[in-house]
Amino acid sequence: MNIGFIGLGNMGGPMAANLAAAGHVVTGFDLTAPCPAGVDAAASAGAAASGADVVITMLPNGDILRKVADEIIPAMSQGAVFCDCSTVDVESARAVADQAVASRLMAVDAPVSGGVGGATGGTLTFMAGGSDVGFSKVSPLFDVMGQKAVHCGPSGAGQSAKICNNMILGATMIATCEAFALADKLGLDRQKMFDVVSTSSGYSWSMNAYCPAPGVGPMSPADTGYQPGFAADLMLKDLRLSQQAAKAVDADTPMGARATELYATFVEDEDGQGRDFSAMLARFEKRGRG
Ligand code: NAD
């Protein structure tokens with residue numbers, strides 16, 4: 001396929017490289033990041049999109065996505081698919097999809113889970129929203145860039161799934177960290193705590209696969225000084241998107257709201273910026289109730 005790829009940062013760069021390595025013709029554009037090996041550089045987003053069968057965007061937020069969409073939609077060929085893999089607000093995802101469909105394009109919102117490691121290794125999970133035809137057209141590309149793609153429903157459903165998942169993740173990571181900090185103060189050995197919880201009803205991905213306690217459980221960012229991994233600031237971004245969506249549809253999400261407040265404090269007022277989101281444990285270790 002001819003693929004236009006816009007946004008070649010930490011995630012987009014390796015995703016575009018994997019598509020090129022699989023034999024697709026990839027034309028890329030980024031304001032600052034260099035084109036990875038095998039990807040031809042275009043002079044503008046419009047030029048990267050022109051003539052492509054599929055245009056993939058991997059951008060920082062919904063405002064930037066809307067601006068890029070204004071530029072590329074008129075440049076795209078009829079019947080081509082606009083596939084946005086960024087994590088953005090549900091409203092922007094739907095607005096951009098409507099704009100694309102009104103211009104006789106297909107639109108798929110397909111945010112990812114798996115981080116930079118998943119992007120590099122081609123093991124991302126895609127959660128997609130859009131028409132059946134649009135999804136089936138981009139599915140072979142998801143197979144190259146990832147190991148699983150779930151078609152969640154119409155436009156916006158991919159973003160909805162992503163923020164619901166990450167709202168659970170933020171809340172369970174905090175719950176896991178505060179439980180370790182409580183166990184410490186109760187004199188309970190961390191390995192014993194892991195052995196019990198990871199095989200009992202308190203288990204979760206945060207505990208079992210990404211244990212925030214160094215030296216306990218499988219290798220995780222806790223074992224490398226809390227280098228991300230999944231950065232606390234990206235968790236905060238996703239939690240804020242979840243609360244924006246909850247507000248828009250009048251959903252009561254008290255745990256998500258509290259997780260958002262805690263990650264905001266951690267990233268903006270404490271030392272969470274640039275650290276893995278599981279570094280919350282180090283935060284709780286130091287604190288008492290006051
Ligand atoms: P990044 O900042 O490394 O990359 C974004 C790129 O977009 C940058 O290179 C930037 O120059 C480029 N860009 C910005 N405006 C542009 C424009 N108008 N035209 C062309 N390029 C433009 O961010 P990232 O870590 O690659 O994340 C990308 C998206 O993926 C975000 O929405 C993020 O939330 C999501 N995501 C990231 C991770 C992760 O672990 N990094 C995991 C899952 C999802």
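No lab work stands behind these numbers, since they all come straight from the coordinates. Quick caveat: nothing in here was measured; it's all calculated off a predicted structure.
Have a look at Ala102, Ala181, Ala257 and tell me which one the Gaussian network model of the chain (Cα, springs below 10 Å) gives the largest fluctuation. Evaluated over the chain, the most mobile residue of the options is Ala102. Backbone amide hydrogens, once placed in the peptide plane, bring Val55 within less than 5 Å of Gly4, Val81, Phe82, Cys83, excluding anything fewer than 5 places away on its chain. Between the Cα long axis of helix 62-72 and the first principal axis of the chain there is an angle of about 10°, rounded to the nearest 10.
Distances between placed amide hydrogens fall under 5 Å for Tyr210 paired with no residue 5 or more residues away or on another chain.
Given that compact globular proteins tend to follow 2.2 N^0.38 Å, what is the ratio of the alpha-carbon Rg of the chain to that value? Walk me through the numbers before you get to the answer.
Details: Rg = 20.1 Å, N = 290, 2.2 N^0.38 = 19.0 Å.
In units of the globular-protein estimate, the chain measures up at 1.06.
For segment 1-46, the relative contact order works out to 39 percent when only alpha carbon pairs closer than 8 Å and six or more residues apart are counted. Residues whose amide H comes within less than 5 Å of that of Gly28, counting only those at least five positions distant or on another chain, are Phe5, Asp40, Ala41, Ala42 (H built at 1.01 Å from N in the peptide plane).
Please work out the Cα center distance from segment 181-233 to segment 36-87, rounded to the nearest Å. Going from one Cα centre to the other spans 40 Å.
Would you please classify the overall shape of segment 24-161 from the alpha carbon gyration tensor, given that a ≥ b ≥ c denote the square roots of the eigenvalues, rounded means a/c under 1.5, and beyond that prolate means a/b larger than b/c while oblate covers the rest? If you can, show how the numbers build up before the last one.
Numbers: a/c = 1.37, a/b = 1.04, b/c = 1.32.
Rounded shape, in that the Cα axes give a/c under 1.5.
Over the residues of the chain, the helix contribution to mean residue ellipticity at 222 nm works out to -14500 deg cm²/dmol, using -39500 (n - 2.57) for each DSSP H run of at least 4. Computed from Cα atoms, the angle from the helix 132-145 axis to the main principal axis of the chain rounds to 60 degrees. Helix 157-185 and the longest principal axis of the C-alpha atoms of the chain enclose an angle of approximately 20°.
Please state the shape class of segment 159-290: rounded when a/c is under 1.5, otherwise prolate if a/b exceeds b/c and oblate if not, all from the C-alpha gyration tensor. Walk me through the numbers before you get to the answer.
Numbers: a/c = 1.70, a/b = 1.54, b/c = 1.10.
Prolate is the answer for segment 159-290, as a/c is 1.5 or above and a/b outweighs b/c.
With θ taken as phi - 60° and the Karplus curve 6.51 cos²θ - 1.76 cosθ + 1.60 applied, the whole-hertz 3J(HN,Hα) list for segment 45-55 is 5, x, 5, 5, 7, 5, x, 7, 6, 9, 10 Hz, x standing for glycine and proline. Shape analysis of segment 182-234 places it in the prolate category; the axes a ≥ b ≥ c from the Cα gyration tensor give an a/c of at least 1.5, with a/b above b/c.
Percent relative contact order of segment 1-146, based on C-alpha pairs within less than 8 angstrom and at least six residues apart?
After rounding, I find 21 percent.
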